[in-house]
1. Output the residues belonging to the range 60-70 that are of a type outside the set (A, V, I, L, M, F, W, C) and either open to solvent by 40 Å² or more (accessible area, probe 1.4 Å) or under 16 Å from R29 (Cβ atoms) (or both).
2. Could you tell me how many of the residues in the range 55-77 are among the small types (G, A, S) and within 11 Å of L33 (Cβ to Cβ)?
3. Conditions first: (1) closer than 30 Å to G37 by Cβ; (2) modelled with pLDDT under 90; (3) part of a loop (DSSP other than H, G, I, E, B). Q94 passes all but one, so which condition is the exception?
4. Just give me the residues in the range 17-38 being polar (S, T, N, Q) and either open to solvent by 50 Å² or more (accessible area, probe 1.4 Å) or more than 18 Å from the chain's Cα centre (by Cα) (or both), in sequence order.
5. Working only within the range 39-72, note down all residues that are within 27 Å of the chain's Cα centre (by Cα) and in a loop (DSSP other than H, G, I, E, B).
Amino acid sequence: MDNNKHPNMSPSEDLECVVCCHEYSRRQRVPRLLHCGHTFCTPCLEKLANVDGVIRTVCCPLCRWITCTRASLTLPGGLWVNIEIWDQIAEKAQKTRRKEDSEEDLNKRLIRPMFWDSGHAVLKSSLQKMFNCLTVHDKRMQAF
């Protein structure tokens with residue numbers, strides 16, 4: 001088991017909420033820790049929360065441990081962000097950006113607009129003549 005993870009964290013809690021099965025994000029689906037150590041996205045926790053007077057409670061869907069916060073606080077204000085998952089989200093986003101950038105660079109190198117450069121006008125003209133000849137030659141072959 002990874003020593004950095006909470007002992008109650010299951011492997012499926014890595015980068016997605018086990019309630020809604022959506023990936024965590026740094027905006028809409030922020031990973032929040034309950035007092036039992038399980039993590040869920042903020043929208044799911046808001047649906048699970050109950051307010052009774054001055055106390056807000058959330059019953060963990062995995063272990064049924066009750067997490068209590070003050071009702072005067074918003075749920076995000078009362079629960080910590082799971083920093084391990086938060087950092088993983090950032091790392092995954094960086095890797096995705098690097099991969100997209102490298103693929104874009106590769107595409108630029110492989111598919112260069114060389115025929116549109118003024119220096120290649122002669123080559124373009126020669127290729128057009130050659131392909132036009134092939135088209136005409138092909139039409140003559142079909143006539144026979």
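The values are calculated or read from the model by the stated rules, or taken from the named source; none is laboratory data. Just so you know, these numbers come straight off a predicted model, no measurement behind them. Methodologically, a virtual Cβ is constructed for each residue, glycine included, from the backbone with ideal geometry; neighbour enumeration extends over all protein chains shown. Note: accessible area is taken over every heavy atom of the protein model, side chains too, but ligands, DNA and RNA are not part of it. Shrake-Rupley method; radii C 1.70, N 1.55, O 1.52, S 1.80 Å.
1. P61, R64, R70
2. Residues in the range 55-77 being among the small types (G, A, S) and within 11 Å of L33 (Cβ to Cβ): 0 in total.
3. It is condition (3) that Q94 fails.
4. Listed by number, the list holds a single entry, Q28.
5. C60, P61, L62
This table checks each residue for (1) closer than 30 Å to A93 by Cβ; (2) in contact with a Leu (Cβ under 6 Å, 6 or more places away or on another chain); (3) in contact (Cβ under 8 Å) with a residue 60 or more places away in the chain; (4) open to solvent by 90 Å² or more (accessible area, probe 1.4 Å).
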site	(1), (2), (3), (4)
T42	yes, no, no, no
G53	no, no, no, no
V58	yes, yes, no, no
S72	no, no, no, yes
W80	yes, yes, no, yes
